[in-house]
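First comes the structure, then the notes that go with it.
What follows is calculated from the coordinates using simple rules that are stated; it is not laboratory data. Not measured: the values here are computed from a predicted model. FYI the Cβ positions are ideal-geometry reconstructions off the backbone, even for glycines, and counts take in every protein chain you see.
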Amino acid sequence: MSLDSATVRRIAKLARIRVDDAEVGVLQTELNAILGYVDQLNEVNVEGVAPLSGGAQMAMRLREDTVTDGEQAENILANAPDRVGQFFAVPKVVE
């Protein structure tokens, strides 16, 4: 399948994209390359492959749901201008 310049202009109009005459040739080449790739995908043998509507049908691997502090307190507070223990110290803003 090959697109002509009139079809490219129509696609641009439907997509509400302003296309100059100089850009039509470039878009025509790019769209024809995309359609050529889709044609290649149509040649793939998918006999016996069950269709998927998304990754939600796959079973997710679960990890243990444990609460931790991340064990990163020292790394996080290393550049703090002021700290109190394992907390950021900030000036009082409400009087």
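Table for the structure above
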| quantity | calculated |
| --- | --- |
| For R83, distant residues with modelled amide H under 5 Å away | A89 |
| Which of L31, T66, L52, positive extreme of dipole for the chain (C-beta unit charges) | L31 |
| Length gained when the stretch V19-R61 is fully extended (0.36 nm per residue, less Cα-Cα span) | 10.4 nm |
| DSSP-assigned coil residues among GluC sites (Glu not before Pro) in region 1-78, each with at most 13 further Cβ atoms within 10 Å | E43, E47, E64, E71 |
| Extension gain, K92 back to Y37 (0.36 nm per residue minus Cα-Cα distance, nm) | 13.6 nm |
| Rg to Rh, two decimals, where the chain supplies the alpha carbon set and Rh follows Kirkwood | 1.37 |
| Sparse-neighbour loop sites [trypsin sites (Lys or Arg not before Pro); region 1-83; at most 12 other C-beta within 10 Å; DSSP] | R16, R18, R61, R63 |
| Helix 21-42 axis, angle to the chain major axis (alpha carbon atoms, nearest 10°) | 90 degrees |
| Phi-based couplings in Hz for region 72-83 (Karplus 6.51, -1.76, 1.60; Gly and Pro marked x) | 10, 4, 5, 5, 5, 8, 4, 9, 5, x, 8, 8 |
| Relative contact order %, the chain, counting alpha carbon pairs below 8 Å whose residues are six or more apart | 18 percent |
| Residue among N42, N32, N75 with the largest mean-square fluctuation in a Gaussian network model of the chain, springs linking Cα atoms under 10 Å | N75 |
